[in-house]
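A.B. asks: I'd like to ask you about the structure that follows.
The values are calculated or read from the model by the stated rules, or taken from the named source; none is laboratory data. The model shown is predicted, which means the values in this text are computed figures rather than measured ones. All Cβ positions, even for glycine, are placed from backbone atoms using ideal geometry, and neighbour counts span all protein chains on display. The area values use the complete protein model at the heavy-atom level, side chains included, leaving out ligands, DNA and RNA. Shrake-Rupley method; radii C 1.70, N 1.55, O 1.52, S 1.80 Å.
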Amino acid sequence: MGFSIYDFSDFINNIHAFLIETFSPAIGNIIGMAIVAVCFLGFIALLGLSLVYIERKVCALFQQRLGPMRVGKWGTAQTVADIIKLIFKEPLMTKDSDKFLFNLAPFIVMIAPVMAISLIPFASGLQAVDFDIGIFFIVAVSSIGVTGILLAGWSSNNKYSLIGAMRSGAQIVSYELSVILSLLTIVVLSGSLQLSVIVESQREGWWIFRGHIPAIIAFIIFIVASTAESNRGPFDMAEAESEITAGFHTEYSGIKFAYFFLAEYVNMFIIAAVGATIFFGGWMPLHIGNIEFFNNAMDLIPPVIWFFMKVSAIIFLLMWFKWTFPRLRIDQMLTLEWKYLLPLNIMNILLMSLVVLTDFHF
Amino acid sequence: MEEVAQNIETQEYFINMGPQHPSTHGVLRLMLTLDGEIIKKVQPHLGYIHRSIEKMCEKDSYQQVVHLTDRMDYLGCHINNEAVCLTVEKGLELEVPDRVKVIRTIISELTRLSSHQLWWGVMGMDLGAITTFLYGFRDREMITDIFEETCGARLTMNYNVPGGLMFDIHPNFQNRTKQFLEHFKKKLPEYDKLLTGNVIFTERTKGIGYLSKEDAISYGVTGPSARASGFSCDVRKKNPYSAYDRVDFKEILFTEGDCFARYQARIAEMWESMKIIEQLIDNIPEGEYKAKTKAVIKLPPGEYYQRVETPRGELGVYIISDNKKNPYRVKFRSPGFSNLSALDKMARGFKIADLVAIMSTLDLVIPDIDR
Amino acid sequence: MTNEDLKQKILTIVPSADFTDPVYEFLNVTILPADLRKLAEQLNSDPDLSFDYMFCLTGVDWVTHMMVVYHLYSTKNDHTVVMKVKIDDRGNPEVETLCDIWKTAEFHEREAYDLFGIKFLNHPDLRRIFLEDDWVGYPMRKDYVDEVNIVEL
Amino acid sequence: MEQIVFYILASMIVVFSVLTVTTRKILRGAVYLLTVLLATAGLFFLLNFNFLAAVQLTVYAGGIVVLIIFSIMLTSHVNEKLESTGNKKKFFSFIAVLAGALICISTILDYSFKEKSGIEIDTSMNKIGKDLLSYGDGGFVLPFEVISILLLAAMIGAIVLAKRETQN
């Protein structure tokens, strides 16, 4: 069983072959699936824990304070303590709320990121599913999440929640367009929707550099639109605590609230991962054309590390937004999308097509 | 088809904002009549922390009355104290020493600074920029430290007594105040960088919550909120008290009357406050820190009215005395109460998110409204 | 306008105005409820007077009678007058509202109604402002007895 | 194993379809409908029609159901229940359902299912993309463009309607 930190495909294939040989193909497949599921669940839990901690520390950095410091070394166990607290909290429910939908909503919100995360290529060969419709699939499943938010707001039987849900519904549905179109801009360049192919196509350089102006515009639009789609500041109208208390999850407590919280962070990770994969070459090390020694030197750093470095950089950017900007108003936000981002985006796709047709890229 | 679209009436609905709501900054309840997210009507409901301070004053001696005023506008407590002391001194026809006047003015301005810092932080937070909150508190901390060293308390200071001050300033006072000024002069431009120049912020505040000068006067809106509409109402200029007649400062006036003007007015006021402190801090006259008063103060029968400029506007203290050791009637004309009355006028036609911006530029302190 | 001029001017509007209260700082004029609307409208609209800013409104319980005190200021002419309305019917004091002239009066009159029980006729929304709607009595009156006495310990 | 998955999905579709029309809480109906649509997408995935499945997810689950939920949220309250329909209505709908079922079943029984022809149908994204824009044999450029124009017309219509309202 060959194991290399640079390429996981052999390792994964070997495990797969081993499972199928040891058991029958059907059972082997099921065991394989179970292993993948457990890995992802563990990863999501770890992701939630660490992102909450990182967010606190980054926030503290911007606010010139230390952040959590008491529980564990440098407060590292703070989120664990918080999770324990959330688990033991009483699950409250408002009078006359629709209990079935109220309990269902957090799970629907969770489904979308869990389905999307399976397509992310963490390193070469380290990808659970590799559909040829890759990006389209991610976009498709992430559109389910909004249903959960709408249900949560409606079934809470609280006017603040309802307003929050309406806001977030309008917001997510409109910004989804911009996210898709900005991703399509790069798809035009790479010629494929399949994530592994897109990563592979960036062997000679990341698209953000090779696609120059239209790619940079697309990246800016992507970052703005996906921040909005994940309901994070400065687009956190749906949970604007100073206006509508906590928006759609006002009435949630305990572990159900934790689900919404977790979904937000996993979503943030997916945005960062998709952004890194499409624009910054995913796990692909920094390559410049055919300069051999430079490329070889860069190849020494394992792809997983590259991937997580890029993802962290984008996550840091998203957190930076949240902790510096004031919140937009709902109508301003919709104006931004429909009047500025969307036309700009369509124009940008045309520009990119022109660039591709004339071969005016690196 | 068109006629149908015109005749469709959307259903208005009520929503209770408060008494427990993050952006009412206390227990204020607003009953909103909404059409979608557009505000049709705002009805404030007050009294959740009404303690009837005015009634309590009728049973207290004049020294005790001073203590109660701390609990009104707790962010401008020193100025509230000063208002009562000035009224009593007016009644006694007592001339306080120069030193007292200067120290009172310096601490008043420090109080104004600290109140505006807190307002700035909270304003940012109301608009979703949580970082400002901590910036505001970080700088405010230095002022409360100075207060703590001076009189032992950080929030409800009670430094004033009728006739002067409770005790003399700490020897460190001048140094620390100068240190603070130096520090804050660097930090205030940072405030501008973080919020004032931000596109989102200006979009959220410009043209929002317009209040005309006539309305400001008619509703009795005072303080920076009114000066942003062009109503020149700075008591420090109109009826100078303490040492305000000997310092040079500008009355900040804007004409736009929107949230952004109110925001700018307060930021500009912070610069003016620093200017005032700078002029006085090195020139604190020597002398007594307290004029001689009798242990039991009895005001000659009559009516005394004193106005002061708190961070929120004009505070009026109206004392009617019938020659007893406690006042016959005390009325506090609190700035927040009148400012709040204009909220409905300002908020109609705007959205919930704008209401939050309007409320934070009015800088309401609920105990000041409820008394 | 000086206080003397103001006095003359007010006397032309309300001949029965009473200036016996000594001038502590501002000119005091005491009138009867019947004259209030007339005087207030004139004070506000007369260009020589133009009192456009009411900075204080309060009730006073003088045990023998009720009184509403209006502090008025003119931002244009920079003069101040204190208008007092003496209401003899202490049990059921009634006076015309001024909140259409000075909008700030709306809240202040509600406060006076809440704490003193002074009824302001034609007020658009005369409800208790601080206390609960079913509160019995008017706490700022001198004869108000509180069951749970916090004030007089 | 494919069969097991198929039966799970098929029974989901049947059960939730019935629930959709029988529930008296309108939003629950929408959620059941969402489940039906998701299960249908699952069937497409099972057939390896990935593109179709993703379209099903985006258009129906992400678009139409959200639209339905939106309109329900705007018009009804959380503890509202639909009144159960009268007997007459029940009777007629039963007949309609029966007729529909008969037609479906008879068509299915009449249809002679052919054996798998052996030629793998290429459902890759690449092929679909090229087919959509090709004007040769089996090309879809005409319907594609016609639909584009229809959508454009709808969009312009929507914008005109929205603009007119603001002027009034």
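A.B. asks: For chain B, give the percent of accessible area contributed by carbon and sulfur heavy atoms, probe 1.4 Å, rounded to a whole number. Working shown, then result.
C.D. replies: Details: 6480 of 12640 Å².
That fraction is 51 percent.
A.B. asks: Right, something else. I want to verify a result. In a Gaussian network model of chain A, Cα cutoff 10 Å, which of these has the top mean-square fluctuation: A:Phe257, A:Phe280, A:Phe269?
C.D. replies: Sorting by GNM fluctuation, first place goes to A:Phe257.
A.B. asks: Here's something else I'd like to know. Among the lysines, which fall within straight-line cross-link reach of B:Lys294, defined as a Cα-Cα distance under 29 Å, with same-chain neighbours fewer than 8 residues apart omitted?
C.D. replies: Straight-line reach from B:Lys294, under 29 Å: B:Lys55, B:Lys59, B:Lys90, B:Lys101, B:Lys324, B:Lys325, B:Lys331, C:Lys142.
A.B. asks: Looking at C:Thr20, B:Ser273, B:Val100, which one has the Cα that reaches farthest to the positive end of the dipole of the protein assembly as shown (charges on Cβ: Lys, Arg +1; Asp, Glu -1)?
C.D. replies: B:Val100
A.B. asks: Moving on. Would you please give the FRET efficiency between B:Asp98 and C:Asn92, computed as 1/(1 + (r/R0)^6) with r the Cβ-Cβ distance and R0 = 51 Å, to the nearest 0.05?
C.D. replies: Details: r = 52 Å, r/R0 = 1.02.
In this case the efficiency is close to 0.45.
A.B. asks: Let me ask something else. Say we join alpha carbon atoms closer than 10 Å with springs in a Gaussian network model of chain A; which of A:Tyr265, A:Tyr340, A:Tyr53 then has the biggest fluctuation?
C.D. replies: A:Tyr340
A.B. asks: Work out the FRET efficiency for B:Arg176 and B:Val296 from their Cβ-Cβ distance, taking R0 = 41 Å, and round it to the nearest 0.05.
C.D. replies: Working: r = 36 Å, r/R0 = 0.88.
About 0.70, to the nearest 0.05.
A.B. asks: If you don't mind, there's one more thing I want to ask. With labels modelled as points extended 7 Å from the Cα through the Cβ direction, what inter-label distance (nm, one decimal) is found for A:Asp359 paired with B:Arg51?
C.D. replies: Between A:Asp359 and B:Arg51, the label points sit 8.2 nm apart.
A.B. asks: Also: Send over a whole-number figure in Å² for the accessible area per residue of chain A, probe 1.4 Å. Could you put the intermediate results ahead of the total?
C.D. replies: Numbers: 14970 Å² over 362 residues.
On a per-residue basis, chain A sits at 41 Å².
A.B. asks: Follow-up question, since we're still on this one. What are the lysines whose alpha-carbon lies under 23 Å from the alpha-carbon of B:Lys41, with same-chain residues fewer than 8 places away excluded?
C.D. replies: Correct list for B:Lys41: A:Lys159, B:Lys206, B:Lys213, B:Lys345, B:Lys351, C:Lys103.
A.B. asks: Using alpha-carbon pairs under 8 Å, 6+ residues apart, how would you state the relative contact order of chain B in percent?
C.D. replies: Values: 718 pairs, mean separation 96.0, N = 371.
Answer for chain B is 26 percent.
A.B. asks: If you don't mind, there's one more thing I want to ask. According to the square roots a ≥ b ≥ c of the eigenvalues of the Cα gyration tensor, what is the shape class of chain A, taking rounded for a/c under 1.5, prolate for a/b larger than b/c otherwise, and oblate for the remainder?
C.D. replies: Numbers: a/c = 1.63, a/b = 1.24, b/c = 1.32.
Taking the square roots of the gyration eigenvalues as a ≥ b ≥ c, chain A is oblate.
A.B. asks: Express the relative contact order of the range A:210-322 as a whole percentage, based on alpha carbon pairs under 8 Å and six or more residues apart in sequence.
C.D. replies: Working: 84 pairs, mean separation 28.4, N = 113.
25 percent.
A.B. asks: Quick one: which bits of the range B:338-363 get at least 40 Å² less accessible when the partner protein chains are in, versus the chain alone, with a 1.4 Å probe?
C.D. replies: By number: B:Ser341, B:Lys351, B:Ile352, B:Ala353.
A.B. asks: Can I ask one more? Lysines within cross-link reach of A:Lys73: Cα-Cα under 17 Å, excluding same-chain residues under 8 positions apart?
C.D. replies: Within the straight-line limit of under 17 Å, A:Lys73 reaches these lysines: A:Lys57.
A.B. asks: Summed for both chains, how many Å² of accessible area, to the nearest 100, are buried between A and B with a 1.4 Å probe? Before the final figure, lay out each step's value.
C.D. replies: Details: alone 17590 and 15770 Å², together 30840 Å².
Rounded to the nearest hundred, the buried surface is 2500 Å².
A.B. asks: Also, quick follow-up: Are there any helices in chain D, counted as whole DSSP H runs, that stretch 27 Å or more along their axis by Cα and score at least 0.0 on average by Kyte-Doolittle, and if so which?
C.D. replies: Details: long enough: D:2-22 (30 Å, 1.91); D:26-46 (30 Å, 2.02); D:87-110 (34 Å, 1.19); D:141-167 (39 Å, 1.45).
TM-like helix candidates: D:2-22, D:26-46, D:87-110, D:141-167.
A.B. asks: Could you point to the residue in A:Ala218, A:Thr324, A:Ala128 farthest towards the positive end of the protein assembly as shown's charge dipole, with +1 and -1 charges on the Cβ of Lys/Arg and Asp/Glu respectively?
C.D. replies: Most positive-ward Cα: A:Ala128.
A.B. asks: Next question. Just which residues of the range A:146-190 lose 30 Å² or more accessible area with every protein chain there, against their chain alone, with the probe set to 1.4 Å?
C.D. replies: For the range A:146-190, once contacts with the other chains are taken into account, A:Thr147, A:Leu150, A:Leu151, A:Trp154, A:Asn157, A:Lys159, A:Tyr160, A:Ile163, A:Met166, A:Arg167 lose 30 Å² or more.
A.B. asks: Calculate one ³J(HN,Hα) per residue across the range B:171-183 by plugging θ = phi - 60° into the Karplus curve 6.51 cos²θ - 1.76 cosθ + 1.60, and present them in order as whole Hz with x for glycine and proline.
C.D. replies: Running phi through 6.51 cos²θ - 1.76 cosθ + 1.60 with θ = phi - 60° gives x, 6, 3, 4, 4, 5, 5, 5, 4, 4, 4, 4, 5 Hz.
A.B. asks: Calculate how many DSSP beta bridges within the range C:24-149 are antiparallel, expressed in % of all such bridges and rounded to the nearest 5.
C.D. replies: Values: 16 of 24 bridges.
Bridges in the range C:24-149 that DSSP calls antiparallel: roughly 65 percent.
A.B. asks: Which Cα, out of B:Val365, B:Phe133, B:Asn326, lies furthest along the positive dipole direction of chain B (beta carbon charges, K/R +1, D/E -1)?
C.D. replies: Checked the options; the winner is B:Asn326.
A.B. asks: So for A:Tyr259, B:Tyr159, C:Tyr73, what's the accessible-area order with a 1.4 Å probe, most first?
C.D. replies: On the way: A:Tyr259 70, B:Tyr159 0, C:Tyr73 20 Å².
Largest to smallest exposure gives the sequence A:Tyr259, C:Tyr73, B:Tyr159.
A.B. asks: List the DSSP H helices in chain A whose Cα atoms stretch 24 Å or more along the helix axis and whose mean Kyte-Doolittle hydropathy is at least -1.0.
C.D. replies: Working: long enough: A:25-62 (53 Å, 1.85); A:99-117 (29 Å, 1.92); A:159-190 (46 Å, 1.21); A:212-229 (25 Å, 1.90); A:254-279 (38 Å, 1.54); A:303-324 (32 Å, 1.49).
TM-like helix candidates: A:25-62, A:99-117, A:159-190, A:212-229, A:254-279, A:303-324.
A.B. asks: Sort out for me the Cα centre separation of the range B:320-369 from the range B:136-167, rounded to whole Å.
C.D. replies: Cα centroid of the range B:320-369 versus Cα centroid of the range B:136-167: 24 Å apart.
A.B. asks: Quick one: if the Förster radius is 41 Å, what FRET efficiency do A:Val197 and A:Val80 give, using the C-beta to C-beta distance and rounding to 0.05? Each step should come with its number before you reach the end.
C.D. replies: Details: r = 39 Å, r/R0 = 0.96.
Given R0 = 41 Å and the Cβ-Cβ separation, E is 0.55.
A.B. asks: What total accessible area, in Å², is buried where chains B and C meet, using a 1.4 Å probe and rounding to the nearest 100? Walk me through the numbers on the way to the answer.
C.D. replies: On the way: alone 15770 and 8550 Å², together 20740 Å².
Using a 1.4 Å probe, the pair buries roughly 3600 Å².
A.B. asks: Let me ask you something else. Where nothing but the Cβ of Lys and Arg (+1) and of Asp and Glu (-1) is charged, how large is the charge dipole of the range B:21-165 around its Cα centre, in debye to the nearest 20? Write out the running numbers ahead of the final one.
C.D. replies: Numbers: 15 positive and 19 negative charges, 79 e Å.
Using Cβ point charges on Lys, Arg, Asp and Glu, the range B:21-165 gives about 380 debye.
A.B. asks: Shifting gears a bit: Can you tell me the 0 to 90 degree angle between the C-alpha axis of helix C:105-116 and the longest principal axis of chain C, rounded to 10?
C.D. replies: The two axes meet at around 40 degrees.
A.B. asks: Run the quick spin-label model on C:Asp100 and B:Ile38: label points 7 Å from Cα toward the beta carbon, then report their separation in nm to one decimal.
C.D. replies: Calculated label separation equals 2.8 nm.
A.B. asks: Using Cα pairs under 8 angstrom and six or more residues apart, how large is the relative contact order of the range B:182-263, in percent? Could you put the intermediate results ahead of the total?
C.D. replies: Details: 91 pairs, mean separation 28.6, N = 82.
Relative contact order of the range B:182-263: 35 percent.
A.B. asks: Sticking with this one: How big is the A/D interface in buried accessible area, both sides summed, 1.4 Å probe, to the nearest 100 Å²?
C.D. replies: Details: alone 17590 and 13940 Å², together 28790 Å².
By this definition, chains A and D bury close to 2700 Å².
A.B. asks: Mind counting lysine pairs for me in chain D? Cα separation below 22 Å, and the two need to be 8 or more apart along the chain or on different chains. Spell out each step's value before the answer.
C.D. replies: Numbers: D:Lys25/D:Lys81; D:Lys25/D:Lys88; D:Lys25/D:Lys89; D:Lys25/D:Lys90; D:Lys81/D:Lys89; D:Lys81/D:Lys90; D:Lys116/D:Lys127.
Counting lysine pairs in chain D gives 7.
A.B. asks: When all protein chains stay in place, what accessible area (Å², nearest 10, 1.4 Å probe) is found for A:Leu262?
C.D. replies: Number for this one is 40 Å².
A.B. asks: I would also like to ask the following. Can you say what percent of the DSSP beta bridges in the protein assembly as shown, counting only those with both residues inside, are antiparallel? Round to 5. Can you show the working numbers first?
C.D. replies: Values: 48 of 56 bridges.
Of those bridges, close to 85 percent are antiparallel.
A.B. asks: Right, here's the next one. Let me know the whole percent of all Cα-Cα pairs from the range A:274-318 that are separated by more than 14 Å.
C.D. replies: Details: 478 of 990 pairs.
In whole percent, the share of Cα-Cα pairs in the range A:274-318 beyond 14 Å is 48.
A.B. asks: When Cβ neighbours within 10 Å are restricted to other protein chains, what is their mean count per residue of peptide B:226-234?
C.D. replies: Details: counts 1, 0, 0, 0, 0, 3, 1, 4, 0.
For peptide B:226-234, the averaged partner shielding equals 1.
A.B. asks: Right, something else. Computing the accessible area with a 1.4 Å probe over protein heavy atoms, can you report the carbon and sulfur percentage for chain A? Don't skip to the end; give the middle numbers.
C.D. replies: Numbers: 11110 of 14970 Å².
Roughly 74 percent, rounded to a whole number.
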